[in-house]
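Everything on this sheet refers to the single structure shown next.
The values are calculated or read from the model by the stated rules, or taken from the named source; none is laboratory data. Because the structure is predicted, anything quoted here is derived from the model rather than measured. Neighbour counts are summed over all protein chains in view; Cβ atoms, including those assigned to glycine, are modelled from backbone coordinates with ideal geometry.
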Amino acid sequence: MKFVTDSVARCAARIGTLSGFERLPNVSFETPLLLIYTKGGSVPHLTKDIFKTLTMEEQLLSVSLPSTILMTDAIKELDTSFADFVSMKEYINFLSIHDSAYTTNSGFHQLDTISVWSRTGRIVVSANKYMEIVQAYKPDLYVALCDGDTNINSRAKRISKAVLRSKTLLEQCLDIHLQSDILKSTGILGPVEGGYNLQARKESIDYLKDKPLAGFVIDGLHNNGPDVQNISLEQIKQVVQYTINLLPIDKMRISMGCWNPATVLDLIELGVDVFDSSYPYVITEQSQALTFLCDHDCENNQHVLYADDFSPICKKCKCLACQNHTRAYIHHLHHTKEMLALVLLMIHNTHHYLQFFNLIRDSIKNGTFNQLQTKIRLKYEAVNSESAKFITV
Amino acid sequence: MANRKTPLIFEVLAECETTKARTGRMTLVHHYVDTPVFMPVGTQGTLKGLLPQQLEQLDCQIILGNTYHLGNRPGADILRKAGGLHRFMNWKRALLTDSGGFQMVSLLHLAEITEEGVKFKSPYNESECMLTPEHSIQIQNTIGADIIMQLDDVVKSTLTGPRVEEAMHRTIRWLDRCLLAHERPDEQSIFPIVQGGLNPELRSECARQLIKREVNGYAIGGLSGGESKDDFWKMVHLSTNILPKNKPRYLMGVGFAIDLIVCSALGVDMYDCVFPTRTARFGCALIKTGQLNLKQIQNKKDSRPIDESCECSTCKTYSRAYLHQIATVETVSCHLLTVHNIAFQMKLMRDIRDSIKEQRFPRFIQDYMLIVYPNKDYPTWIINALRAVNVTLL
């Protein structure tokens with residue numbers, strides 16, 4: 001796997017290319033990149049044939065342990081890979097520890113192990129166990145096991161434990177990684193920990209920066225879940241800026257979590273390259289339809305969707321949901337608790353968010369990134385602009 | 001009358017030389033329908049998580065909507081503004097709606113049936129409501145399905161005594177009120193419903209009365225509600241003997257593979273049932289020998305698809321082992337099993353139609369029953385029902 005960027009500035013919005021995957025050598029991705037969030041091996045609510053109608057392009061799927069760890073035995077037994085097991089082998093996949101759409105339980109730390117919460121309860125994962133899982137899954141990219149259980153309120157003691165434990169876990173994972181035949185073309189990513197403490201961030205980067213890593217995950221800023229969309233730039237700016245300034249320019253930087261679109265743009269401006277699509281999923285689960293990119297006169301531009309509004313969510317949207325179905329129908333499906341409501345919202349929201357990333361890349365290339373940023377920021381900062389962001393069905 | 005458009009043309013393309021089975025094509029306002037046909041149930045204007053284009057890909061030509069549910073939500077007003085259910089849900093092919101009477105009686109304990117209609121307390125505001133035959137047709141006219149059902153007086157299929165006879169006669173009287181109230185006869189066909197419980201005389205009498213009315217097709221109702229299979233097939237057999245051959249016959253609430261095969265041999269053309277979609281939500285896939293419960297542990301390391309011979313997108317893509325992991329956990333699993341189960345029903349009906357066309361339906365029955373009962377321990381009712389139409393099992 002290789003990452004190339006022609007950016008010379010350390011902390012700025014940049015275009016990069018991610019390519020050289022051994023499994024699918026012709027696939028390449030341009031950054032800033034959106035990883036497609038998956039749960040239990042599928043894009044939530046979408047069967048593969050529906051997902052394919054949404055995007056014909058190559059995609060990089062994000063996979064996390066809580067919804068998949070129970071599959072490990074079967075994957076091992078069948079001597080296959082995760083991508084093959086879940087029938088997604090035409091897509092590149094990226095394995096991380098926690099599920100960005102759901103709040104990770106805090107605590108339950110033991111010496112050099114991490115707790116993963118599956119459907120059936122807590123599973124304790126050591127570096128050895130994790131690397132066994134990784135060798136069974138055979139992802140194209142993965143994050144080393146780490147303790148990212150910190151947020152803006154974490155105390156110094158918790159932060160230093162997180163940094164220390166993550167260091168030990170990284171060393172253990174890397175040892176196994178470097179000896180593994182299976183993983184010799186797999187990229188391992190280093191998690192930068194340290195919460196909101198700059199000194200701790202520096203310590204974390206110090207032990208990571210000379211290691212043979214494919215890139216860095218700026219971890220430990222939050223505990224995942226829907227609350228992440230409410231984190232503002234002011235809270236994270238200093239620590240992210242500081243962290244990125246210490247990271248090598250030529251390596252990719254990833255930030256997981258359902259950041260809102262305005263914060264995504266801010267993070268891109270600070271030099272983050274990769275995000276995941278848990279945001280449109282979380283919005284779908286909140287029964288909302290994204291409209292933050294709509295700048296034309298969406299008729300009936302109220303933020304509540306009416307039962308007799310026979311226009312689509314967005315008249316200019318090319319997604320399957322907007323091309324074929326009305327707000328009235330989606331409203332009805334939602335009120336009768338029909339599963340198709342979530343299917344249609346997920347189609348629209350994912351489409352909207354993929355469009356967002358297309359616009360981001362274009363705007364960086366043609367020098368209009370700041371205009372895009374101003375426009376989206378206005379929608380997210382204005383007090384009474386619910387309708388500009390999304391419609392609640 | 002000569003100039004009036006017919007909203008239903010039924011052509012019988014082939015008749016089985018041994019049994020009463022036939023295969024044909026119904027031409028409706030929105031789409032044609034090849035019979036015998038299984039109609040998946042899309043109760044509230046959606047078929048459990050599937051998009052209309054997925055149903056088209058599955059070769060569904062007609063689906064069913066429930067008047068009681070649609071009348072409540074979104075309600076007749078919204079459906080009128082939308083221009084009918086077809087446009088509301090963006091389904092371009094044929095639709096059938098029931099009368100709402102069955103749900104009324106089965107869902108609402110407080111329903112009381114009078115000559116005027118079904119009286120019930122609204123589940124929303126406790127107010128007294130009345131569903132009359134006229135009202136049912138009025139809502140169904142608004143929904144705009146290609147085939148609509150008369151309001152019938154439904155009694156529990158195992159009930160006996162004078163109430164069954166009363167219900168049978170009332171059903172006929174209500175039919176006449178429905179036909180009179182029908183405002184879109186050029187676009188929608190009302191099907192009368194043969195009632196009469198498990199009493200052969202009452203059923204025959206009902207069927208004989210109904211065939212005097214000028215309609216485009218008939219339904220057989222009040223069955224598949226817990227009666228013995230022996231009673232069930234006899235009532236179907238007797239009804240199809242009376243109903244005219246040149247009109248489609250719809251057996252309500254039937255959807256198990258075995259029942260579809262036997263009843264097709266008895267001359268039935270249309271079926272509906274919630275079973276294939278409901279069982280999918282519980283993690284079960286339909287296979288020839290019955291059902292495969294994907295939650296069961298033996299699927300955990302099974303890399304085969306649900307059915308190796310199945311052409312559906314689920315079987316072409318996913319393994320039992322993966323479906324085992326997500327069954328009843330992820331909504332995707334429900335969509336995948338629903339796709340398979342509908343594909344299964346569609347394939348079964350296509351096989352039935354093809355074998356009738358090629359005059360090998362009796363052989364098809366024999367082979368299928370042998371797959372389901374490899375030890376030849378056929379249930380008596382199947383043996384008897386098939387014997388009645390000249391088929392002896394192997």
Within the range B:284-301, tally of residues that are in contact with a helix residue (DSSP H, G or I) (Cβ under 6 Å, 6 or more places away or on another chain), more than 9 Å from chain A (Cβ to nearest Cβ) and more than 23 Å from B:Met349 (Cα to Cα):
2
Scan the range A:137-144 and give yes if some residue there is assigned to a loop (DSSP other than H, G, I, E, B), closer than 16 Å to A:Ser42 by Cα, aliphatic (A, V, I, L, M) and modelled with pLDDT of 95 or more, otherwise no.
no
When you look at B:Ala111, is it crowded, with 23+ Cβ neighbours inside 10 Å, away from every other protein chain (no Cβ under 14 Å) and over 23 Å from B:Asp77 (Cβ atoms), yes or no?
no
Specify which of the listed residues (B:Leu96, B:Leu79) is in contact (Cβ under 8 Å) with a residue 40 or more places away in the chain, outside any loop (DSSP other than H, G, I, E, B) and within 14 Å of chain A (Cβ to nearest Cβ).
B:Leu79
Looking at the structure I just gave you, is B:Val33 in contact with a strand residue (DSSP E or B) (Cβ under 7 Å, 6 or more places away or on another chain), of a type in the set (A, V, I, L, M, F, W, C), part of a strand (DSSP E or B) and surrounded by 17 or more Cβ atoms within 10 Å (Cβ to Cβ)?
yes
Selection status of B:Ser136, farther than 16 Å from B:Leu180 by Cα, touching a residue at least 40 places away in the same chain (Cβ under 8 Å), buried (at least 16 other Cβ atoms within 10 Å of the Cβ) and not basic (Lys, Arg)
no
Being touching a Ser or Thr at 6+ places or on another chain (Cβ under 9 Å) and buried (at least 18 other Cβ atoms within 10 Å of the Cβ) is the filter here; which residues of the range A:65-77 pass it?
A:Leu65, A:Pro66, A:Ser67, A:Thr68, A:Ile69, A:Ala74, A:Ile75
Go through the range A:307-344 and give me each residue that's part of a loop (DSSP other than H, G, I, E, B) and more than 8 Å from chain B (Cβ to nearest Cβ).
A:Asp309, A:Ser311, A:Pro312, A:Ile313, A:Cys314, A:Lys315, A:Lys316, A:Cys317, A:Lys318, A:Cys319, A:Lys337
Quick one: in the range A:304-328, which of the residues that are touching a Pro at 6+ places or on another chain (Cβ under 8 Å) and at pLDDT 90 or above is farthest from B:Arg73 (Cα to Cα)?
A:Gln323
Within the range B:250-278, the count of residues that are part of a strand (DSSP E or B) and without any contact (Cβ under 8 Å) to a residue 12 or more places away in the chain comes to 0
Name the helices (runs of 4 or more DSSP H) wholly inside the range B:303-394 in which the number of residues that are hydroxyl-bearing (Ser, Thr, Tyr) and over 24 Å from B:Ser264 (Cβ atoms) is 2 or more.
B:313-317, B:331-357
Taking the range B:41-62 only, how many residues are more than 24 Å from B:Ile78 (Cα to Cα) and in a strand (DSSP E or B)?
0
Being under 26 Å from the mean Cα position of the chain (by Cα), within 8 Å of chain A (Cβ to nearest Cβ) and in contact (Cβ under 8 Å) with a residue 12 or more places away in the chain is the filter here; which residues of the range B:321-355 pass it?
B:Thr331, B:Cys334, B:His335, B:Leu336, B:Val339
Test A:Leu95 against the criterion of being under 17 Å from B:Val332 (Cα atoms) and modelled with pLDDT of 95 or more, and give yes or no.
no
Being farther than 24 Å from B:Val154 by Cβ and of a type in the set (Asp, Glu) narrows it down to one residue among B:Asp231, B:Asp186; which is it?
B:Asp186
Take A:Asn301 and decide whether it is over 29 Å from B:Gly71 (Cβ atoms), surrounded by fewer than 23 Cβ atoms within 10 Å (Cβ to Cβ), away from chain B (no Cβ under 13 Å) and at pLDDT 95 or above.
no
Residue check: is B:Cys60 without any contact (Cβ under 8 Å) to a residue 12 or more places away in the chain and of a type outside the set (D, E, K, R)?
no
Matching residues, the range B:225-254, being under 15 Å from the mean Cα position of the chain (by Cα) and within 18 Å of B:Phe191 (Cβ to Cβ):
B:Val236, B:Pro248, B:Arg249, B:Tyr250, B:Leu251, B:Met252, B:Gly253, B:Val254
Give the residues of the range B:340-394 that are of a type in the set (S, T, N, Q), surrounded by fewer than 20 Cβ atoms within 10 Å (Cβ to Cβ) and in contact with a strand residue (DSSP E or B) (Cβ under 8 Å, 6 or more places away or on another chain), sorted by residue number.
B:Gln359
Which of the residues spanning the range A:112-131 are within 18 Å of A:Asp147 (Cα to Cα), out of contact with any strand residue (DSSP E or B) (no Cβ under 7 Å at 6 or more places or on another chain) and without any contact (Cβ under 8 Å) to a residue 24 or more places away in the chain?
A:Lys129
Quick check on the range B:279-287. Is at least one of its residues of a type in the set (Val, Ile, Thr), part of a strand (DSSP E or B) and more than 12 Å from B:Lys20 (Cα to Cα)?
yes
